[in-house]
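The values are calculated or read from the model by the stated rules, or taken from the named source; none is laboratory data. Computed from a prediction, not measured in an experiment: that's the story for all the values here. Backbone-built Cβ (ideal geometry, glycine too); neighbour counts: all protein chains shown. Calculation scope for accessible area: heavy atoms of the full protein, side chains included, ligands and nucleic acids excluded. Shrake-Rupley method; radii C 1.70, N 1.55, O 1.52, S 1.80 Å.
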Amino acid sequence: MDPADLTAARTGVAGTAPLVQCLTNTVVQTISANALLAVGASPAMVDNPHEAADFARIASAVLVNLGTPHDDTAEAMLLAVRAAAEAGTPWVLDPVAVGGLRWRTDLAAELLELRPAVVRGNASEVLALAGAGAGGRGTDSTTSSDDAVDVADELARRTGGVVAVSGVTDYVTDGATGVRVGGGHVWLTRTTGAGCALGAVVAAYAAAAPGLVGAVAAHAHVALAAERAAATAGGPGSFATAWLDALDAVDDLAAADLR
Amino acid sequence: MDPADLTAARTGVAGTAPLVQCLTNTVVQTISANALLAVGASPAMVDNPHEAADFARIASAVLVNLGTPHDDTAEAMLLAVRAAAEAGTPWVLDPVAVGGLRWRTDLAAELLELRPAVVRGNASEVLALAGAGAGGRGTDSTTSSDDAVDVADELARRTGGVVAVSGVTDYVTDGATGVRVGGGHVWLTRTTGAGCALGAVVAAYAAAAPGLVGAVAAHAHVALAAERAAATAGGPGSFATAWLDALDAVDDLAAADLR
Amino acid sequence: MDPADLTAARTGVAGTAPLVQCLTNTVVQTISANALLAVGASPAMVDNPHEAADFARIASAVLVNLGTPHDDTAEAMLLAVRAAAEAGTPWVLDPVAVGGLRWRTDLAAELLELRPAVVRGNASEVLALAGAGAGGRGTDSTTSSDDAVDVADELARRTGGVVAVSGVTDYVTDGATGVRVGGGHVWLTRTTGAGCALGAVVAAYAAAAPGLVGAVAAHAHVALAAERAAATAGGPGSFATAWLDALDAVDDLAAADLR
């Protein structure tokens with residue numbers, strides 16, 4: 001993958017300010033909105049069943065994250081995704097903690113039929129979503145991204161979209177081509193919502209640069225920002241703050257660690 | 001407007017620690033509570049229908065923000081506002097994203113009849129609330145505050161309260177007198193919830209200094225803190241942190257940029 | 001109490017990474033999750049009625065915080081606590097604003113019958129929970145922890161667990177032995193969710209070190225981190241960030257101020 005294409009995607013996000021509707025968990029709404037603002041996108045958290053579909057029709061992209069679903073937000077997710085699918089708007093599925101918990105696993109399966117442009121999760125979640133694993137331990141993966149490569153490829157072919165598996169090294173595939181994105185920093189895993197915010201950034205990129213390039217660029221952007229932030233941070237609290245500063249500052253993805 | 005009156009209002013907030021009940025969106029609850037604590041007020045986020053009215057009867061002020069309404073919180077908003085109105089307690093309406101979204105626009109119209117002490121929104125929202133515009137794009141205004149001056153004046157006369165239109169320059173009016181508050185910093189628009197937190201601070205000021213003076217003082221306080229924060233911040237993440245520090249530190253509003 | 005036991009508890013948390021299910025208020029979910037990550041625990045905010053009990057069966061500890069209860073989360077709390085009680089999993093009750101508000105006070109009384117391993121609140125809340133007071137003013141206590149000593153001792157004997165009363169000096173008791181934990185910093189009271197995050201940390205410690213030692217260690221850890229953070233912070237915003245860094249850095253509780 002040509003790094004110039006990644007930088008073009010990053011420039012595209014900044015230049016078009018995609019409006020990203022987030023139906024996401026309440027723990028991470030703030031950091032997700034701030035991450036979107038930092039990369040130059042525009043967040044909107046319209047997640048009630050009365051308005052979710054109407055907003056999805058005008059959004060540039062939609063994120064559905066299953067971290068803390070409730071009856072009304074789950075209904076709103078289905079309505080928003082159906083509207084997005086009808087409008088041809090890309091949407092991203094983040095199947096948080098899918099596998100061990102029956103209700104959200106069924107919900108994720110129903111959503112998956114509506115063909116997300118990108119699935120982003122950790123290895124345990126992607127394996128469980130694909131029907132190939134039992135899921136992890138809350139938001140922690142109990143499996144490496146390497147173990148999910150074949151399943152991710154297959155899942156991408158099934159949805160016709162991109163599947164991204166987060167881990168020490170991320171694996172991003174469209175079913176034909178798989179790209180590993182290295183770098184990042186362990187403190188991302190010590191910052192609540194960093195992975196979920198990555199899902200939101202993936203949605204912003206999906207609006208500006210469809211397919212594999214946008215998804216890889218989103219992962220590269222987040223990883224480069226994490227490296228830059230870790231260089232100045234004194235712990236997980238100051239890391240989160242510095243990471244938002246760095247998401248804003250990164251305007252070139254040429255240094256991405258692609259494998 | 002005499003800057004000494006603004007500083008007196010700021011001293012009044014610090015001296016009385018108004019108890020501000022916030023029925024606000026889940027994205028911004030944290031920064032709103034922290035902004036209230038930073039200016040010396042006391043936040044309480046009681047937003048369920050079982051308790052909202054009872055709490056409104058003992059609160060010093062009530063904030064209603066329509067960012068992420070759901071059936072139960074919308075019901076709680078109406079109950080809290082009716083109780084506040086009966087008790088003579090000032091309440092603030094922040095009509096987030098009103099205009100394009102039908103359900104919350106109807107809710108805002110119903111709330112408006114209960115005569116908020118202050119309406120605070122961006123130009124698109126204020127125009128839509130007044131029935132004079134179609135609304136913006138999520139939380140982004142597509143209109144300058146200057147375009148909303150006449151509508152804001154008229155709306156203030158209709159409610160008998162104050163209307164504040166946020167923008168590069170804010171416009172605050174009681175229908176007879178209009179004051180422009182400059183300063184601030186563009187990073188406020190890159191910090192999720194900064195505008196919503198301003199709404200919460202406006203409620204705290206409404207308890208300590210009714211009418212135009214309190215509303216202008218709240219805007220001046222937030223703007224001065226933003227300028228101070230921007231002088232030391234390295235990006236939007238560190239700006240948000242520094243802004244909370246500065247909200248706490250600002251104890252004199254003499255430097256407010258009033259026009 | 002031997003400081004070496006406290007440090008052993010701290011090491012136990014870091015070594016076992018307890019999975020803490022938090023059914024807590026939406027204002028403080030983020031700081032609670034980040035505090036848990038900072039001390040080395042693993043947070044999971046599963047708070048819907050469909051999944052709360054199933055998750056409680058695999059969690060290491062459960063936190064129930066009554067800050068912003070709604071019908072569905074209140075139902076989830078009861079389901080999670082019953083499952084935790086059946087599984088012998090320790091759970092912590094944080095009775096936020098109990099006393100003045102009838103609905104949550106009734107809910108707290110119902111939860112209390114299920115025998116929390118630890119109750120953590122301010123003096124007004126503990127007095128109200130025990131039926132000995134009218135409650136405070138939102139999350140602010142109107143009473144010192146010293147005034148709640150006898151009631152806390154009695155409540156601990158009634159539940160068979162530990163009761164912790166937060167204040168300038170914290171009082172932690174199992175009904176037989178009472179320990180005062182000093183230190184900390186006033187900026188904890190200016191950081192929204194710091195007390196609620198303490199409740200989450202108490203749950204993590206309850207999984208690693210049952211009884212009085214774990215509860216005292218959690219309070220000592222939070223207090224020592226606050227002192228360290230205050231030494232570098234410039235206000236309440238930078239304090240919150242520095243406190244998370246310090247929660248991560250504190251690995252020895254020998255300096256705890258026990259009385």
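Here are some notes:
- Scanning segment B:9-22 for residues that are facing another protein chain (nearest Cβ under 10 Å) and within 12 Å of B:A200 (Cα to Cα) turns up B:L19, B:V20, B:Q21, B:C22.
- Residue that is nearest to the other protein chains (Cβ to nearest Cβ) [pool: residues in segment A:226-245 that are in contact (Cβ under 8 Å) with a residue 40 or more places away in the chain and among the hydrophobic types (A, V, I, L, M, F, W, C)]: A:L244
- Candidates A:R104, A:R120: the one that is more than 18 Å from A:V162 (Cα to Cα), among the basic types (K, R) and in contact with a strand residue (DSSP E or B) (Cβ under 7 Å, 6 or more places away or on another chain) is A:R104.
- Some residue of segment C:173-182 being within 28 Å of A:A240 (Cβ to Cβ) and at pLDDT 95 or above: yes
- Qualifying residue in segment C:26-39 (condition: part of a strand (DSSP E or B), closer than 26 Å to B:M45 by Cα and either of a type in the set (V, I, T) or in contact with a His (Cβ under 7 Å, 6 or more places away or on another chain) (or both)): no
- Residue match in segment A:167-185 (condition: under 30 Å from C:A229 (Cβ atoms), within 14 Å of chain B (Cβ to nearest Cβ) and in contact with a helix residue (DSSP H, G or I) (Cβ under 6 Å, 6 or more places away or on another chain)): no
- Test result for B:R120, basic (K, R), within 14 Å of another protein chain (Cβ to nearest Cβ) and either crowded, with 21+ Cβ neighbours inside 10 Å or under 27 Å from C:G99 (Cα atoms) (or both): no
- Residues satisfying the stated conditions in segment C:184-206, i.e. free of Cβ contacts under 8 Å to residues at least 60 places away in the same chain and touching a Pro at 6+ places or on another chain (Cβ under 7 Å): C:W187, C:R190
- Residue check for C:A255: touching a Gly at 6+ places or on another chain (Cβ under 8 Å) and either more than 11 Å from chain A (Cβ to nearest Cβ) or on the phi < 0 side of the Ramachandran plot (or both): no
- Residue match in segment B:159-181 (condition: among the aromatic types (F, W, Y), within 30 Å of B:N48 (Cβ to Cβ) and in contact (Cβ under 8 Å) with a residue 24 or more places away in the chain): no
- Residues being over 25 Å from C:A256 (Cβ atoms), surrounded by fewer than 20 Cβ atoms within 10 Å (Cβ to Cβ), within 18 Å of the chain's Cα centre (by Cα) and at pLDDT below 95 - total across segment C:124-171: 1
- Within segment B:211-256, the residues that satisfy the criterion of being open to solvent by less than 10 Å² (accessible area, probe 1.4 Å) and under 10 Å from B:L6 (Cβ atoms) are B:G214, B:V216, B:A217, B:A218, B:H219, B:A220, B:H221, B:L253.
- Residues within segment B:83-93 that are open to solvent by 50 Å² or more (accessible area, probe 1.4 Å) and over 19 Å from the mean Cα position of the chain (by Cα), tallied: 2
- A search for C-beta distances below 8 Å between a residue of segment C:110-126 that is among the acidic types (D, E) and any residue that is part of a strand (DSSP E or B), counting only pairs 6+ apart in sequence or on different chains, returns C:E125/C:V98.
- In segment A:41-52, the residues that are under 16 Å from A:V202 (Cβ atoms) and either among the hydroxyl-bearing types (S, T, Y) or facing another protein chain (nearest Cβ under 9 Å) (or both): A:S42, A:P43
- Residues in segment A:53-104 that are within 10 Å of chain C (Cβ to nearest Cβ), at pLDDT 95 or above and within 23 Å of A:L127 (Cβ to Cβ): A:G67, A:T68, A:P69, A:A74, A:V96, A:A97, A:L101, A:R102, A:W103, A:R104.
- Here is the figure for segment C:32-45: residues that are farther than 21 Å from C:A83 by Cα and either among the polar types (S, T, N, Q) or surrounded by fewer than 24 Cβ atoms within 10 Å (Cβ to Cβ) (or both) total 4.
- Residues being at negative phi and either assigned to a strand (DSSP E or B) or surrounded by fewer than 19 Cβ atoms within 10 Å (Cβ to Cβ) (or both) - total across segment A:172-187: 10
- Filter result (part of a loop (DSSP other than H, G, I, E, B) and either touching a residue at least 24 places away in the same chain (Cβ under 8 Å) or aromatic (F, W, Y) (or both)) within segment A:63-101: A:L66, A:G67, A:T68, A:P69, A:T89, A:P90, A:P95, A:V96, A:A97, A:G99, A:G100
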